[in-house]
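This report refers to the structure that appears directly beneath it.
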């Protein structure tokens with residue numbers, strides 16, 4: 001018996017083929033091609049002339065791990081250095097969700113309207129896959145991102161100490177050479193990064209939430225001692241009374257800490273980015289601090305000490321990088337790691353043997 005094909009009420013028409021998401025004419029290196037690297041002096045001239053595109057390209061070179069990029073980056077840095085140091089550097093930290101980006105958006109607008117040029121170096125959590133910056137801060141600071149007197153640069157943390165980008169100091173120098181008189185460094189807010197940021201700024205601002213327990217704000221232990229100002233965020237609506245209570249509690253706690261090296265007595269203030277209240281008072285407090293530390297020479301002396309610390313840290317980083325790149329160390333490292341796993345050698349003996357190979361000690 002002849003079988004007839006089964007009929008169905010459903011009929012699927014052939015669809016239109018979607019175009020490829022990537023241009024098929026681009027292959028290989030064309031997909032990742034970037035602008036050609038210029039001579040260092042070209043970047044320097046662009047930076048001094050306020051060319052944002054050139055400034056961004058120079059920062060990309062500074063962040064690069066490629067040796068050839070690093071060489072040009074150091075040349076750019078050397079050219080910019082005589083024109084740097086004329087800004088005030090402010091570190092801003094707090095637990096994730098405290099409202100750091102909202103605060104920067106609010107106070108940044110106040111500063112740019114007053115004629116100041118603001119650079120915001122937002123240490124962005126790195127993508128685990130690409131190791132690149134997630135770039136979340138630009139989307140959270142929409143007004144400043146379009147402000148001609150503001151420059152926002154998210155930098156990937158790339159696994160360095162607590163999320164602090166290793167090249168932030170060099171980026172500060174090129175931003176200052178570009179004419180930015182106020183530098184904000186926003187941290188990820190994960191603990192150890194605050195110590196590193198504190199070592200590279202003139203003023204350290206700690207943002208706190210009212211009503212959050214110690215388990216949520218564990219960041220405050222030890223960090224409060226470094227703060228030049230504590231600001232309670234989101235002091236609006238039903239949270240106003242809780243913010244005032246928190247302000248009094250933190251103010252009392254500050255009296256238990258030893259006096260700061262600067263001689264400055266930190267204050268505790270409240271503000272609301274949403275209602276734009278308390279921002280003026282906050283900036284007045286920061287301005288008073290800078291007037292105070294410049295009069296007693298603490299500002300100048302701290303900058304000098306920071307330069308020494310940056311030099312020593314750069315030496316340590318260079319030695320570590322050269323150590324692991326040394327051919328004899330690279331050859332023997334895996335062997336010693338295997339011996340460690342088998343209990344054939346102690347960590348100290350293995351380290352000393354590798355150091356001897358690096359230093360050519362017999």
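The values are calculated or read from the model by the stated rules, or taken from the named source; none is laboratory data. Keep in mind that what you see is a predicted model, and the values were worked out from it rather than measured. Please note: Cβ atoms are built from the backbone with ideal geometry, for glycine as well, and neighbour counts cover all protein chains shown.
Somewhere in segment 348-360, is a residue in a helix (DSSP H, G or I), touching a helix residue (DSSP H, G or I) at 6+ places or on another chain (Cβ under 6 Å) and in contact (Cβ under 8 Å) with a residue 40 or more places away in the chain? Walk me through how you get there before you give the answer.
We begin by selecting, within segment 348-360, every residue in a helix (DSSP H, G or I); these are 348-359.
Right, trim to touching a helix residue (DSSP H, G or I) at 6+ places or on another chain (Cβ under 6 Å) and you get 350, 354, 357-358.
Now drop any that are not in contact (Cβ under 8 Å) with a residue 40 or more places away in the chain, which leaves none.
No - not one qualifying residue is present in segment 348-360.
Tell me, please, whether a residue that is surrounded by 13 or more Cβ atoms within 10 Å (Cβ to Cβ), in contact (Cβ under 8 Å) with a residue 60 or more places away in the chain, in contact with a strand residue (DSSP E or B) (Cβ under 7 Å, 6 or more places away or on another chain) and not in a loop (DSSP other than H, G, I, E, B) can be found in segment 244-262.
no
Test each condition in (1) over 30 Å from residue 361 (Cβ atoms); (2) part of a helix (DSSP H, G or I) for residue 230 and report the one that comes out false.
(2)
Hey, can you tell me all the residues within segment 289-298 that are closer than 15 Å to residue 90 by Cβ and loosely packed, with under 12 Cβ neighbours inside 10 Å?
291
Are any residues in segment 133-152 assigned to a helix (DSSP H, G or I), touching a strand residue (DSSP E or B) at 6+ places or on another chain (Cβ under 9 Å) and modelled with pLDDT of 80 or more, and if so, which ones?
The answer is 143, 144, 145.
With the condition kept exactly as written, say whether any residue in segment 63-80 is surrounded by 19 or more Cβ atoms within 10 Å (Cβ to Cβ) and closer than 30 Å to residue 224 by Cα.
No: zero hits.
Run down 306, 281 and say which single residue is part of a helix (DSSP H, G or I), over 22 Å from the mean Cα position of the chain (by Cα) and surrounded by 11 or more Cβ atoms within 10 Å (Cβ to Cβ).
Working: 306 fails: over 22 Å from the mean Cα position of the chain (by Cα).
From the options 306, 281, the qualifying one is 281.
Answer yes if at least one residue in segment 327-342 is closer than 26 Å to residue 196 by Cβ, modelled with pLDDT of 90 or more and loosely packed, with under 13 Cβ neighbours inside 10 Å, and no otherwise.
As a first pass, look at segment 327-342 and keep what is closer than 26 Å to residue 196 by Cβ: none.
No, segment 327-342 has no match at all.
Condition first: in a loop (DSSP other than H, G, I, E, B) and modelled with pLDDT under 85. Can you find one or more residues in segment 47-54 that meet it?
First, pick out the residues of segment 47-54 that are in a loop (DSSP other than H, G, I, E, B): 49-51.
With modelled with pLDDT under 85 added as a condition, the list becomes none.
No, every residue in segment 47-54 fails to be in a loop (DSSP other than H, G, I, E, B) and modelled with pLDDT under 85.
Answer yes if at least one residue in segment 263-277 is at pLDDT below 90, touching a strand residue (DSSP E or B) at 6+ places or on another chain (Cβ under 9 Å), surrounded by 13 or more Cβ atoms within 10 Å (Cβ to Cβ) and farther than 19 Å from residue 87 by Cα, and no otherwise.
No, segment 263-277 contains no residue that is at pLDDT below 90, touching a strand residue (DSSP E or B) at 6+ places or on another chain (Cβ under 9 Å), surrounded by 13 or more Cβ atoms within 10 Å (Cβ to Cβ) and farther than 19 Å from residue 87 by Cα.
Only one of (1) assigned to a strand (DSSP E or B); (2) at pLDDT below 90; (3) over 11 Å from the mean Cα position of the chain (by Cα) fails for residue 207. Which number is that?
Evaluating residue 207 over (1) assigned to a strand (DSSP E or B); (2) at pLDDT below 90; (3) over 11 Å from the mean Cα position of the chain (by Cα) leaves (2) as the failure.
Does residue 315 fit the bill of being in contact with a strand residue (DSSP E or B) (Cβ under 9 Å, 6 or more places away or on another chain) and either at pLDDT 95 or above or not assigned by TED's automatic domain parsing to the domain that holds residue 201 (or both)? I'd like the intermediate steps shown before the answer.
Details: in contact with a strand residue (DSSP E or B) (Cβ under 9 Å, 6 or more places away or on another chain): no; either at pLDDT 95 or above or not assigned by TED's automatic domain parsing to the domain that holds residue 201 (or both): yes.
No: the conditions fail for residue 315.
Against the condition at pLDDT 95 or above, in a helix (DSSP H, G or I) and either farther than 30 Å from residue 199 by Cα or touching a helix residue (DSSP H, G or I) at 6+ places or on another chain (Cβ under 7 Å) (or both), how does residue 292 come out, does it pass?
Against the criterion (at pLDDT 95 or above, in a helix (DSSP H, G or I) and either farther than 30 Å from residue 199 by Cα or touching a helix residue (DSSP H, G or I) at 6+ places or on another chain (Cβ under 7 Å) (or both)), residue 292 does not qualify.
I'd like to check something: does segment 93-110 contain any residue that is surrounded by fewer than 22 Cβ atoms within 10 Å (Cβ to Cβ), assigned by TED's automatic domain parsing to the domain that holds residue 200, free of Cβ contacts under 8 Å to residues at least 40 places away in the same chain and under 21 Å from residue 178 (Cβ atoms)?
There is at least one residue in segment 93-110 that is surrounded by fewer than 22 Cβ atoms within 10 Å (Cβ to Cβ), assigned by TED's automatic domain parsing to the domain that holds residue 200, free of Cβ contacts under 8 Å to residues at least 40 places away in the same chain and under 21 Å from residue 178 (Cβ atoms).
Hey, could you check segment 225-243 for residues that are closer than 20 Å to residue 292 by Cα and in contact with a helix residue (DSSP H, G or I) (Cβ under 7 Å, 6 or more places away or on another chain) and say which is surrounded by the fewest Cβ atoms within 10 Å (Cβ to Cβ)? Show your work before the answer.
First, pick out the residues of segment 225-243 that are closer than 20 Å to residue 292 by Cα: 225-231.
Next cut, in contact with a helix residue (DSSP H, G or I) (Cβ under 7 Å, 6 or more places away or on another chain) only: 226, 228-231.
On the way: 226: 18, 228: 24, 229: 20, 230: 25, 231: 28.
Here the answer is 226.
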